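S.K.: Have a look at this one before I ask anything.
The values are calculated or read from the model by the stated rules, or taken from the named source; none is laboratory data. Predicted, not measured: the structure shown is a model, and the values here were computed from it. All Cβ positions, even for glycine, are placed from backbone atoms using ideal geometry, and neighbour counts span all protein chains on display.
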Amino acid sequence: MKTVTIKRKESTDHGTFGELVSDAGFRCLTGELPDRGNEPKHSCIPKGTYRCRWGVSPKFGPCYHVESLQGRTDILIHPANLMGDVKRGFASQLLGCIALGEAQSTFQPGSVPHQTFNQPQKGISGSKKKVAEFVAHLNKEEFMLVIE
């Protein structure tokens with residue numbers, strides 16, 4: 001079974017940002033919610049090792065599901081640009097999931113459809129493309145996710 005590792009580098013009110021590397025050579029950036037002590041729908045997931053399987057989400061369609069999270073369900077890997085702390089006025093397209101992207105970007109108010117925020121916000125760009133490349137790289141096979 002393949003192993004994919006996320007090395008987190010920064011966690012602020014804008015989100016938790018890091019780098020994903022697979023043991024087969026795939027690399028990209030990651031975006032998650034800020035670390036809020038594993039609070040469902042408001043926090044990134046805890047560091048650890050998780051099994052990921054291909055499945056279908058009612059909202060996002062086919063995608064990877066992160067399994068075996070104590071106290072958490074429906075944690076997915078899917079496209080998103082913003083992952084800020086909504087309790088502190090930032091926008092988020094995540095509820096605990098993991099987004100993949102090409103580059104870290106600063107988004108201006110009004111630049112992301114269906115998202116309302118009043119100040120520039122850090123996020124990730126190129127997410128749809130990177131998620132598609134990741135799925136193709138893993139060929140929808142299950143893998144072990146290590147978060148450091």
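S.K.: List every residue pair whose Cβ atoms lie under 8 Å apart, where the two residues are 6 or more positions apart in sequence or sit on different chains, the first residue falls within the stretch 14-29 and is under 16 Å from N81 (Cα atoms) and without any contact (Cβ under 8 Å) to a residue 60 or more places away in the chain, and the second residue, located anywhere, is in a strand (DSSP E or B) and hydroxyl-bearing (S, T, Y).
M.R.: Close Cβ pairs (under 8 Å, with a partner that is in a strand (DSSP E or B) and hydroxyl-bearing (S, T, Y)) amount to G18/T30; E19/T30.
S.K.: With the checklist (1) under 15 Å from F17 (Cα atoms); (2) out of contact with any Pro (no Cβ under 8 Å at 6 or more places or on another chain); (3) polar (S, T, N, Q) in hand, flag the one item T106 doesn't pass.
M.R.: (2)
S.K.: Please go through (1) at pLDDT 95 or above; (2) touching a Pro at 6+ places or on another chain (Cβ under 9 Å); (3) not in a helix (DSSP H, G or I) for V135 and return the number of the only condition it doesn't satisfy.
M.R.: Failing condition for V135: (3).
S.K.: Moving to a separate point now. Can you list residue pairs whose Cβ atoms sit under 7 Å apart, with the first residue in the stretch 48-74 being closer than 23 Å to R8 by Cβ and the second being small (G, A, S)? Count only pairs 6 or more apart in sequence or on different chains.
M.R.: Within 7 Å, the pairs are Y50/S68; R51/S68; C63/S57; H65/G55; R72/G96.
S.K.: Here is a further query. What tally of residues in the stretch 56-78 results from selecting those that are surrounded by fewer than 13 Cβ atoms within 10 Å (Cβ to Cβ) and over 29 Å from P120 (Cα atoms)? Quick ask: steps written out before the conclusion?
M.R.: Of the residues in the stretch 56-78, the ones surrounded by fewer than 13 Cβ atoms within 10 Å (Cβ to Cβ) are 56, 58-59, 61-62, 68, 70-71, 73.
Filter once more, keeping what is over 29 Å from P120 (Cα atoms): 56, 58, 61-62, 68, 70-71, 73.
Counting residues in the stretch 56-78 that are surrounded by fewer than 13 Cβ atoms within 10 Å (Cβ to Cβ) and over 29 Å from P120 (Cα atoms) gives 8.
S.K.: Could you tell me which numbered condition S111 fails, if it satisfies all but one of (1) hydroxyl-bearing (S, T, Y); (2) closer than 20 Å to G18 by Cα; (3) in a loop (DSSP other than H, G, I, E, B)?
M.R.: Here S111 clears every test but (2).
S.K.: So in the stretch 20-40, with the set limited to residues that are surrounded by fewer than 15 Cβ atoms within 10 Å (Cβ to Cβ) and on the phi > 0 side of the Ramachandran plot, which one is nearest to the chain's Cα centre (by Cα)?
M.R.: G37
S.K.: Those residues that are surrounded by 22 or more Cβ atoms within 10 Å (Cβ to Cβ) and touching a Phe, Trp or Tyr at 6+ places or on another chain (Cβ under 8 Å), I need them from the stretch 79-89; list them, please.
M.R.: Within the stretch 79-89, N81, L82, G84 qualify.
S.K.: Okay, moving on. So, of the residues in the stretch 112-148 that are within 22 Å of P46 (Cα to Cα) and charged (D, E, K, R), which turns out to be surrounded by the fewest Cβ atoms within 10 Å (Cβ to Cβ)?
M.R.: E148
S.K.: Counting only residues that are in contact with a strand residue (DSSP E or B) (Cβ under 8 Å, 6 or more places away or on another chain) and in a loop (DSSP other than H, G, I, E, B), how many does the stretch 10-31 have? Please lay out each step first, then the result.
M.R.: Initially, the stretch 10-31 is screened for residues in contact with a strand residue (DSSP E or B) (Cβ under 8 Å, 6 or more places away or on another chain), giving 10-12, 14-24, 26-31.
If we keep only those that are in a loop (DSSP other than H, G, I, E, B) too, we end up with 14, 23-24, 26.
Total satisfying the criteria: 4.
S.K.: If a residue has to be outside any loop (DSSP other than H, G, I, E, B) and not hydroxyl-bearing (S, T, Y) to count, how many in the stretch 59-108 make the cut? Write out each step before concluding.
M.R.: As a first pass, look at the stretch 59-108 and keep what is outside any loop (DSSP other than H, G, I, E, B): 61-66, 75-77, 83, 86-88, 92, 98-101, 103-107.
Retained after the next criterion (residues that are not hydroxyl-bearing (S, T, Y)): 61-63, 65-66, 75-77, 83, 86-88, 98-101, 103-104, 107.
Going through the stretch 59-108 one residue at a time, the tally reaches 19.
S.K.: Enumerate the pairs (first residue in the stretch 134-146 and more than 14 Å from F26 (Cβ to Cβ); second residue anywhere and among the aliphatic types (A, V, I, L, M) and loosely packed, with under 15 Cβ neighbours inside 10 Å) with beta-carbon separation below 6 Å, excluding pairs fewer than 6 apart on the same chain, so at least 6 apart or on different chains.
M.R.: M144/M1
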